[in-house]
Amino acid sequence: MKSLLSLIISVLFLLVACKKNTVGGNAVVKGTVAHHSKSIANARVYVKYGTNDFPGADTTKYDYTFMVDNTGTFSQNFFKGNYYLYAIGFDYSIVPPFTVKGGIPVTLRTNEELDKTIAVTE
């Protein structure tokens, strides 16, 4: 009975200790959302956990979302794992303003910090 309890506690510890593919860890992705090298302020970034493949343009298929700031930059903490970041914003330097979107795959290791540009297009 004692060994069964020890096994259960060990498995639970491993599940909690080996957290991956979610936000809040000690790996960081920071960067910019940009259209033709121009930062896109207040874009929304959608995050799909556990993949480096583009999940598609349907934003309901993503696991998490965050906004970039008014300079087009962001910094987000993640646990180690694979992610796909998909950004949607507006380029107001074009009349009329265009919706711009695009994405990048990201693979993170524990304690890693990556600087990425999410290039978006019309």
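The values are calculated or read from the model by the stated rules, or taken from the named source; none is laboratory data. In this text, all values refer to a predicted model and were calculated from it rather than measured experimentally. When we count neighbours, we look across all protein chains shown, and the Cβ atoms used for this are built from the backbone with ideal geometry, even at glycine.
Tabulated data
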| read-out | value |
| --- | --- |
| Residue list for region 63-122, restricted to those being surrounded by fewer than 18 Cβ atoms within 10 Å (Cβ to Cβ), farther than 15 Å from ALA41 by Cβ and aromatic (Phe, Trp, Tyr) | TYR64 |
| Test: residue in region 101-108 that is out of contact with any strand residue (DSSP E or B) (no Cβ under 7 Å at 6 or more places or on another chain) and within 19 Å of THR121 (Cβ to Cβ) | no |
| Pairs where the first residue, in region 46-75, is closer than 19 Å to HIS35 by Cα and at pLDDT 95 or above and the second is among the basic types (Lys, Arg) and assigned to a strand (DSSP E or B), C-beta under 8 Å, 6+ apart | ALA57/LYS101; PHE66/ARG44; MET67/ARG44; VAL68/ARG44; THR73/LYS30; PHE74/LYS30; SER75/LYS30 |
| Residue satisfying all of: in region 46-62; among the hydrophobic types (A, V, I, L, M, F, W, C) and out of contact with any Gly (no Cβ under 9 Å at 6 or more places or on another chain); surrounded by the most Cβ atoms within 10 Å (Cβ to Cβ) among these | VAL47 |
